[in-house]
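Undergrad: Below you'll find the structure I mean.
The values are calculated or read from the model by the stated rules, or taken from the named source; none is laboratory data. All values reported here derive from a predicted model rather than from experimental measurement. Please note: Cβ atoms are built from the backbone with ideal geometry, for glycine as well, and neighbour counts cover all protein chains shown. Accessible surface areas use protein heavy atoms only, side chains included; no ligands, DNA or RNA. Shrake-Rupley method; radii C 1.70, N 1.55, O 1.52, S 1.80 Å.
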Amino acid sequence: MYHLMKFIPLYSKVQRPCTSTPMIDSFVRLMNEFTNMPVPPKPRQALGDKIVRDIRPGAAFEPTYIYRLLTVIKSSLSEKGRQEDAEEYLGFILNGLHEEMLNLKKLLSPNNEKLTISNGPRRRPLNEEQEEPGEGSEDEWEQVGPRNKTSVTRQADFVQTPITGIFGGHIRSVVYQQSSKESATLQPFFTLQLDIQSDKIRTVQDALESLVARESVQGYTTKTKQEVEISRRVTLEKLPPVLVLHLKRFVYEKTGGCQKLIKNIEYPVDLEISKELLSPGVKSKNFKCHRTYRLFAVVYHHGSSATGGHYTTDVFQIGLNGWLRIDDQAVKVINQYQVVKPTADRTAYLLYYRRVDLL
């Protein structure tokens, strides 16, 4: 992501007073604020002393143009100084950059009609994606799966951008209905949403297994208003180079509004996505190295309230070959154990994993 933004030229307001890509411009400017951190030499240590490596971070600064960007795009995230949701903000950024790049691709190939379809991940309620199985449309096809079972698959025209090339994955959502063909929809995602509400879910692995468990859908009716029994199953169709897992800690309760789940969820440094989580058609194509990830950042939420609190980040720094803890302008070296160790004052909210064959 850093190299992508450094590759795009930086223009000043004088050089380019008007722009159709305010988001790309702002993030190019943000990346250009940073210089390579000098890596300190390994300190000499007396016998029995702990090794403490000193680092020299750059001066703190406030990226006011990022705040301004939020008001320009008239997002709900537009009030300066207000507590915001880190995952919502991440989605806003990745979708915004992706949309701007799609529009640039349209300018480069105006005759290609496929580029008119936006394919950034969209959150929608369950009932919206359940079209009537068997209905014909331009972007559906019949697939013969294992045991010669056929299913109708729907897919938007997924146009790649450098953002989807880093963060973009696909899930397959299959609706099963008695005496009908299976109906499958392929949906893109930038962050994989993991429900952690159940008492049985104690680890990231538990949450992933729960994600792909078959569930019955209540109150589904056909066009003739007849209630039918259907179930749904989600599987992973395409894994991205950078897999961001969102532990859904903020839940709405009828009685008390939005509440925070403070429970501890264990997460590994090395994560293998088991074949059971993959769609049947891609199980054999994904070798172990394509399914194995290493943790490189964690975003934590501090505090017990869903409407306030504080965010900090632990990030693996390649030059240092170790972890840094970033709390506003305070940056310090920590060890890996401190990253995965649960503490009472903070809970992991976003987990960033990178595919090991691309490290």
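Undergrad: Considering only region 204-214, I want to know if a residue exists there that is in a strand (DSSP E or B) and not basic (K, R). Talk me through it step by step, then tell me what you get.
TA: Going residue by residue through region 204-214, those that are in a strand (DSSP E or B) are none.
There is no residue in region 204-214 that is in a strand (DSSP E or B) and not basic (K, R).
Undergrad: Then there's this: Looking at (1) under 27 Å from V333 (Cβ atoms); (2) modelled with pLDDT of 90 or more; (3) not in a loop (DSSP other than H, G, I, E, B), find the lone condition where D25 falls short.
TA: Every condition holds for D25 apart from (1).
Undergrad: Answer yes or no as to whether H246 is open to solvent by 40 Å² or more (accessible area, probe 1.4 Å) and either assigned to a loop (DSSP other than H, G, I, E, B) or not hydrophobic (A, V, I, L, M, F, W, C) (or both). Walk me through how you get there before you give the answer.
TA: Working: open to solvent by 40 Å² or more (accessible area, probe 1.4 Å): no; either assigned to a loop (DSSP other than H, G, I, E, B) or not hydrophobic (A, V, I, L, M, F, W, C) (or both): yes.
So H246 fails the test.
Undergrad: Could you check region 215-231 and list, in sequence order, the residues that are open to solvent by 40 Å² or more (accessible area, probe 1.4 Å) and in a strand (DSSP E or B)? Steps first, answer last, please.
TA: Step one: filter region 215-231 for residues open to solvent by 40 Å² or more (accessible area, probe 1.4 Å), giving 215-216, 218-219, 221, 223-227, 229.
Result: E215, S216, T221, E227.
Undergrad: Given the structure, is V299 among the aliphatic types (A, V, I, L, M) and open to solvent by 30 Å² or more (accessible area, probe 1.4 Å)?
TA: Answer is no for this residue.
Undergrad: Only one of (1) under 24 Å from L350 (Cα atoms); (2) more than 17 Å from the chain's Cα centre (by Cα) is not met by S231, so which one is it?
TA: Status for S231: all satisfied but (1).
Undergrad: Could you please let me know if S179 is farther than 26 Å from L94 by Cα, surrounded by 16 or more Cβ atoms within 10 Å (Cβ to Cβ), modelled with pLDDT under 95 and among the small types (G, A, S)?
TA: No, not satisfied.
Undergrad: For D328, are the conditions met, namely being open to solvent by 50 Å² or more (accessible area, probe 1.4 Å), in contact with a strand residue (DSSP E or B) (Cβ under 9 Å, 6 or more places away or on another chain) and over 21 Å from E84 (Cβ atoms)? So that I can check it myself, show each step before the final result.
TA: On the way: open to solvent by 50 Å² or more (accessible area, probe 1.4 Å): yes; in contact with a strand residue (DSSP E or B) (Cβ under 9 Å, 6 or more places away or on another chain): yes; over 21 Å from E84 (Cβ atoms): no.
No; evaluated as a whole, the condition is false for this residue.
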